[in-house]
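Novice: Handing you a structure now.
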Amino acid sequence: MENEVFTPLLEQFMLTPLVCWVKSVGHSTETDGSKLSKYIELVDGIYLNEIMLQINPKATVQRTNKKVNNDPTLRIHNLSILIRQIKGYYQ
């Protein structure tokens, strides 16, 4: 039941303009090419932080966790760094 709801939402999300733009900006590191692995790559924050550094190379570089392995704490840390970089860029 849960998979029946999640899969269409995931496919719809992966086709949004922002996701398409992010995928076109850099080289992703997905392994199997499935929509789920692409989604996981986005929510891990590593790839998004690399893109943000391309947009604003003058930003203070903070270390992101490269091996998240489905750990929500590490994901939150990576996404917090991303939010700080975005805020810094617009300020």
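Novice: Just to be sure I understand the filter: pairs with C-beta atoms under 8 Å, separated by 6 or more residues or on different chains, first member in segment 76-89 and among the β-branched types (V, I, T), second member buried (at least 16 other Cβ atoms within 10 Å of the Cβ). Which pairs pass?
Specialist: Qualifying pairs under 8 Å: I81/G45; I81/N49; I81/T64; I86/M52.
Novice: Another one. Can you tell me which residue is most open to solvent (accessible area, probe 1.4 Å) among those in segment 36-86 that are hydroxyl-bearing (S, T, Y) and part of a helix (DSSP H, G or I)? Before you say what the answer is, go through the steps one by one.
Specialist: Initially, segment 36-86 is screened for residues hydroxyl-bearing (S, T, Y), giving 37, 39, 47, 60, 64, 73, 80.
Right, trim to part of a helix (DSSP H, G or I) and you get 37, 39, 47, 73, 80.
On the way: S37: 24, Y39: 66, Y47: 12, T73: 97, S80: 42 Å².
The qualifying residue most open to solvent (accessible area, probe 1.4 Å) is T73.
The values are calculated or read from the model by the stated rules, or taken from the named source; none is laboratory data. Since this is a predicted model, take the numbers as computed values, not measurements. A quick note on method: Cβ atoms are made from the backbone with ideal geometry, for glycine too, and the neighbour counts reach across all protein chains shown. SASA here: full protein model, heavy atoms, side chains in, ligands and nucleic acids out. Shrake-Rupley method; radii C 1.70, N 1.55, O 1.52, S 1.80 Å.
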